[in-house]
Amino acid sequence: MISSILQIRCLSKRFGGTHAVREISADLQRGQIYGLIGPNGSGKTTLINLISGFYAPDTGEIILDGEELTRRKPYELAGLGLVRTFQMPKTFASLTVLENVLLPVAGDGRSESLDAMRDAAFDALATTGLTGMAQHPAGSLSGGQAMLLQLARALMCAPVKLLLLDEPFGGVAPALKERITHTIRQINERFQATVVLVSHEMSTIRALCSNVIVMGNGQVIAQGTLDEVSASPEVVAAYLGKPV
Amino acid sequence: MDFELSGKLAIAAAAAAFLTATATSAMAQANATPVNIGVLTPLSPPGDSAAGQLIVRGAELGAKYVNQRLGGVWNSTCPAPGPVNIVKGDDSGLAEKGMAALRSLVTNDKIAGVLGTYDSTVALAVQPLAEQYKLPLLVTQASDDKISGNHTKFTFMTHTIARDRSDVVEAFIKSYGFKRVAILAENTDYGTSSGPDMQKRFVDGGMSSQLWIFDKTNPDLLPTLLQVKKFAPDVIYNMGVGAPAYLIVKQSADVGLLPKTPMIISYDLPIRPEFWRNLGELGKNMIFLSYYQPKQVLTDAGKWLQEEYRKSYNEPALYSSLAAFGNTIVLAQAMNAACSTEGEKVSGALVKGGFTSWNQTGVAFKQSDGVDWQRSVQPIMVLQYTKANQGFGDATILYPPNMKTGELVR
Amino acid sequence: MQLLLQSLTLALLNGAIYALMAMGITFIASIMRIINWSTGEFYMVGSFAHLALLTVIFPALGLTLPMAWLLSALLAMGLVFVLGMVVQRTLIAPMHRPGTQAFEYATIMTVALSVLLQNGAIMIAGPNQYSVPDYMRPILLEDLEIVLNGSRVASGLAALAIILLFYVLLYRTSLGLAFRGIAQNRLAAETAGLNLKTMDMLAFGIGTGLCAVAGALLAPVFLVHPLNGAAATMKGFEIIVIGGIGSLGGAVVAAFGLALVEGLGATFYRAELQQLYGFVFLIGFLVFRPQGLFGHRERRV
């Protein structure tokens, strides 16, 4: 049975004179992987920042699995199962990779000691292929490995309900792209997690996403399979006639 | 608040006057505006506010004494006597704050005289202001030689100057036959002027002496004291003021200088109640200078003060309070003698007359040469505790010889 | 030789206490990104709390324990830990919003706080100096002709133990990991689910607690009075600049280094310049290695 996990109602955000997000409403289903695409400046990252609590919306509401999110702090969202990654990976450079993965556990008030969580952490590292790097400082990782590290950290925030990925493949070596794709699938399957993937790489979108949301000028201009949206005249117009 | 205070004072003064004077003069006094006397003293850090508080207490009781026993002072509408009123000014031990506070006392409170200065830097800074305002300035506890050496018309010294103290220490050390004197002085005005002077006196006197000037803000004096230990003195002159004085005692014990080397503290720190609590056994045999000893015979005014002080504060009055009390009643006596509160006339009376104060020595301000200009010389004693937790009154008087009550314990 | 040994021992003991204070400052700086200018006043409050506990409250309760001083110092640390958290939540947190101008005011608030605490102490306790009984008898090393103040030895050792415990907290517990994460990257730490508001409050409590226990331990050596924190603040800042702001290891190394430079300089050259040696050391670092021993060349955002 398909059920709704995220409802967005009439969400708007202005920055001065720029209307970055205009009255977006959407409904995302549990366990689906969505591609969020659109030309530069169409409001994709703003939307991700709104959902993940980094911006407060001017109007509208966001409901994750029955919980209203708009008034929550970013740290509370992790506890509710909402996890995001950043385009420029945010890792803790001088902590080891293992410590980076353990960090979400440190803050959630769980009584288990770090030692008890070590197995789960190594499991997450195995999934992301970072086991060999466990004792290295995170600062020594490549961009792709740092992205994998963010995903490994997401695995520790279990159960993940919604994973927001902002350009996870930007500047990543092809071998690691495979690994990232694999990990995203793992998270999606293990937790029945909904994934929203912002990317410009249509091949990975096609491979991963059952559903694509296209944004243009702060609004959702099309939604459907990649083939469906490619055919939409609005989408074609938004990309200035370039074929998607 | 101000209104309430002056009202109360007027009522108190009136009640006192009923006992001593006629009904008519009492009516006049109740109606008279009080004569304000300023107390300019450190009441907040970095000044020594402990001393400032004692000075204020002495001055306030001085005013009470003047109003109850002397029937107030002569107001400008002579011959109707008016009550005196103490107005506080906080100098924080800083020259610039002292100057600002004095200006405010003069312009806002219209004071007719000021006393209380504790730090020499403050006294020297306000001295020209007192000249400018023609305001009698009684220096309660500052001790720089320059204060009287400046020969200013409105400044009067009742406190001993650094030279008196140095004279006493020198004479004491000579008379007890010490040969190697270590001097520890602070990097303040007091330490950097008196310290080298003391060393020179000892060396000139045929002794060997070394001087260490330490940083007042640095609580760790062990490195200094290790050097002192190497010098192997037979007496240590501790010129620390406040916390450093204690630190020198404690840390001298740490390096093994105490208890075998006699130590002299340059002022009456050991009479403060916390001395024994802080030092315990280490305070035993401590030698110190004092301007007062509880067994000494006081004037009637001095006895009155001790009694009132004990009633108000439940402890005996110490030198700072006695000195400020003395200054207040001397000033009032001068106003009475001049039949005026005008600075020129009061100063004239101060120079002319002899006045009663708290001790038997009395107060007179002759315009003598050098540092003895308008300065009333007061006795200094060298005392020694002979057992731990000893009361101030039981300390042995070692010096001057005519007051001596016992022998030096080593 | 004897003099050298004695001043080296002293430097070691002083270093431990310096390290405690500097860690308090640098810990708060690395978590909250503000400099706590009221460090010396928390040191002072710690010394007063210790004085009250040891000389008034324990005797009133009829408590006679061996090592009561250690219990008292730790309780003083606990009290200031709580006070620090209350102060952080009520006075600093409202302004502490990184990236806004109000953030700068949080630092100013700590300056105001130092004045408040100092004057408060004068009002409550008066301006006099107090002391507590020595923790231990002097230690006499006969062969070397060295006498060591028992309180210095005891407080130095206690300080080392507390530093060690603090390291265990930081490197062996989940709370410590959370702190280290926040010190690295506040934004990422928040995304990972750490409540920065709570962690900031804890960090301020811990940092001020470390300074307080230094003040408490040193009570019999450097006395208890409202202005006894001034030297602590100055030394603390010298050390964190030398060690590199935000580097705990740097703070520890710099603390021992400073104690050594001061002690040797004062013993073998001129004692009155003791404070100056520290500043020369500091200026040397600012000229040749401005980021400090273990600091980074630029401040992380």
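The values are calculated or read from the model by the stated rules, or taken from the named source; none is laboratory data. What you are looking at is a predicted structure, and each value in this text was computed from that prediction instead of being measured. With ideal geometry, Cβ positions are generated from the backbone for all residues, glycine too; neighbour counts draw on all protein chains shown.
Within segment A:67-86, can you find the residues that are of a type in the set (Gly, Ala, Ser) and either more than 14 Å from C:Ala192 (Cα to Cα) or over 14 Å from the mean Cα position of the chain (by Cα) (or both)? Of everything in segment A:67-86, just one residue is of a type in the set (Gly, Ala, Ser) and either more than 14 Å from C:Ala192 (Cα to Cα) or over 14 Å from the mean Cα position of the chain (by Cα) (or both), namely A:Gly79.
Only one entry of A:Thr59, A:Thr18, A:Thr70, A:Thr46 meets the criterion of being within 25 Å of A:Ser203 (Cα to Cα) and of a type in the set (Ser, Thr, Tyr), and that entry is A:Thr46. Just one of (1) under 23 Å from C:Met1 (Cβ atoms); (2) under 26 Å from the mean Cα position of the chain (by Cα) fails for B:Gln227. It is (2). Mind listing just one residue for me: the one in segment C:274-298 that is modelled with pLDDT of 80 or more and among the small types (Gly, Ala, Ser) and, of those, nearest to B:Thr224 (Cα to Cα)? Out of the qualifying residues, it is C:Gly278. What number of residues in segment C:164-188 are more than 13 Å from chain A (Cβ to nearest Cβ) and surrounded by fewer than 20 Cβ atoms within 10 Å (Cβ to Cβ)? The number of residues fulfilling the criteria is 3. Regarding C:Gly265, is this residue on the phi < 0 side of the Ramachandran plot, touching a residue at least 24 places away in the same chain (Cβ under 8 Å), in a helix (DSSP H, G or I) and not aromatic (Phe, Trp, Tyr)? Taking the combined requirement at face value, the residue does not satisfy it. Checking each residue in segment B:252-263 for being on the phi < 0 side of the Ramachandran plot and either in a helix (DSSP H, G or I) or surrounded by fewer than 22 Cβ atoms within 10 Å (Cβ to Cβ) (or both) picks out B:Ser252, B:Ala253, B:Asp254, B:Pro259, B:Lys260, B:Thr261, B:Pro262. Comparison of B:Val228, B:Val241, B:Val249 shows that the only residue that is in a loop (DSSP other than H, G, I, E, B) and more than 7 Å from chain C (Cβ to nearest Cβ) is B:Val241.
Considering segment B:131-147 alone, what residues qualify as being surrounded by fewer than 24 Cβ atoms within 10 Å (Cβ to Cβ), in contact (Cβ under 8 Å) with a residue 12 or more places away in the chain and in a helix (DSSP H, G or I)? Listed by number, the residues that qualify are B:Glu131, B:Tyr133, B:Asp145, B:Lys146.
Take the residues in segment C:189-208 that are facing chain A (nearest Cβ under 9 Å) and either touching a residue at least 12 places away in the same chain (Cβ under 8 Å) or touching a Phe, Trp or Tyr at 6+ places or on another chain (Cβ under 6 Å) (or both), then tell me which one is surrounded by the fewest Cβ atoms within 10 Å (Cβ to Cβ). In this case the residue turns out to be C:Lys197. If you go through segment C:129-145 and keep only what is part of a loop (DSSP other than H, G, I, E, B), at pLDDT 80 or above, touching a helix residue (DSSP H, G or I) at 6+ places or on another chain (Cβ under 6 Å) and within 8 Å of chain B (Cβ to nearest Cβ), you end up with C:Gln129, C:Ser131.
Among residues of segment A:13-24 that are over 16 Å from A:Thr70 (Cα atoms), none has a Cβ under 7 angstrom from a residue that is loosely packed, with under 12 Cβ neighbours inside 10 Å at a sequence gap of 6+ or on a separate chain. Are any residues in segment C:222-245 within 11 Å of another protein chain (Cβ to nearest Cβ) and closer than 22 Å to C:Leu164 by Cβ, and if so, which ones? Passing the criteria: C:Ala232, C:Lys235.
Restricted to segment C:147-162, and to residues there that are facing chain B (nearest Cβ under 9 Å) and of a type in the set (A, V, I, L, M), the residue that is farthest from C:Ala22 (Cα to Cα) is C:Val147.
Scoring C:Glu190 on the criteria (1) assigned to a helix (DSSP H, G or I); (2) under 24 Å from C:Val82 (Cβ atoms) leaves a single failure, condition (2). Across segment C:255-265, a minimum of one residue is classified as more than 14 Å from chain A (Cβ to nearest Cβ), buried (at least 22 other Cβ atoms within 10 Å of the Cβ) and of a type outside the set (A, V, I, L, M).
Considering A:Glu99, A:Glu167, A:Glu178, which residue is free of Cβ contacts under 8 Å to residues at least 40 places away in the same chain and more than 13 Å from chain C (Cβ to nearest Cβ)? Show your work before the answer.
Numbers: A:Glu99 fails: more than 13 Å from chain C (Cβ to nearest Cβ); A:Glu167 fails: free of Cβ contacts under 8 Å to residues at least 40 places away in the same chain.
Step by step, each of A:Glu99, A:Glu167, A:Glu178 is checked, and only A:Glu178 is free of Cβ contacts under 8 Å to residues at least 40 places away in the same chain and more than 13 Å from chain C (Cβ to nearest Cβ).
When the helices (runs of 4 or more DSSP H) confined to segment C:1-103 are screened for residues that are in contact (Cβ under 8 Å) with a residue 60 or more places away in the chain and β-branched (Val, Ile, Thr), those reaching at least 3 such residues are found at C:2-32, C:68-87.
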